[in-house]
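Chemist: Dumping the structure here so I can ask a few things about it.
The values are calculated or read from the model by the stated rules, or taken from the named source; none is laboratory data. Fair warning: this is a prediction, and the values are worked out from it, not measured in the lab. Please note: Cβ atoms are built from the backbone with ideal geometry, for glycine as well, and neighbour counts cover all protein chains shown. With ligands, DNA and RNA removed, areas are computed over all heavy atoms of the protein, side chains included. Shrake-Rupley method; radii C 1.70, N 1.55, O 1.52, S 1.80 Å.
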Amino acid sequence: MGRTVPTFRMVVESFGWEWNDFKRALRTIDQEAFDELINHARHHAAAGGNISNPNPFEPIVMSILVEHEKTLRKLREYVERDHP
């Protein structure tokens, strides 16, 4: 029998569980932020599944960075448009 390769979505879920002790040590507001970061990675699971990388941390972090970049762009547009 061959070895079953987990989907990237499963890898992201596992990553969230592996970091659970870290999360529990955070303040409540920071735990919420941590959950949001994991949600960013879940949101980009399809893209993460398209990269063959033995280290899943890299596509997870890249997914989080993509979402942060989108937020920064929206904030820049808001500031430039409404607060010149």
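Chemist: Against the longest principal axis of the chain, how steep is helix 8-18, in degrees 0 to 90 to the nearest 10, with axes from Cα atoms?
Modeler: 90 degrees
Chemist: Tell me the carbon and sulfur percent of the accessible area for the chain, rounded to whole percent, probe radius 1.4 Å.
Modeler: 59 percent
Chemist: Right, another one. Nearest 0.05, what FRET efficiency do K74 and M10 give at R0 = 41 Å with Cβ-Cβ as r?
Modeler: Details: r = 31 Å, r/R0 = 0.75.
Efficiency, from the Cβ-Cβ distance: 0.85.
Chemist: Taking the Cα atoms of the chain, what is the range of coordinates along each of the three principal axes, in descending order and whole Å?
Modeler: Largest first, the chain extends 63, 32, 15 Å along its Cα principal axes.
Chemist: Moving on to the next point. On C-alpha positions alone, give me the angle between the axis of helix 28-43 and the longest principal axis of the chain, in degrees, nearest 10.
Modeler: With both axes taken from Cα atoms, the answer is about 70 degrees.
Chemist: Next question. Suppose a student asked you for the relative contact order of the chain, using Cα pairs under 8 Å spaced at least 6 residues apart; what percent would you report?
Modeler: Dividing the mean separation by the residue count of the chain yields 30 percent.
Chemist: Now for a different question. In debye, nearest 20, what is the charge dipole magnitude of the chain about its Cα centre with +1 on Lys and Arg Cβ and -1 on Asp and Glu Cβ, if you could check?
Modeler: Its charge dipole is roughly 180 debye.
Chemist: Accessible area per residue, 1.4 Å probe, Å², for the chain: what's the number?
Modeler: Numbers: 6740 Å² over 84 residues.
Ligands and nucleic acids excluded, the result is 80 Å² per residue.
Chemist: As a check on your grasp of the helix formula, calculate [θ] at 222 nm for the chain: sum -39500 (n - 2.57) over DSSP H runs of n ≥ 4, divide by the residue count, round to the nearest 500.
Modeler: Result for the chain, helices only: -23500 deg cm²/dmol.
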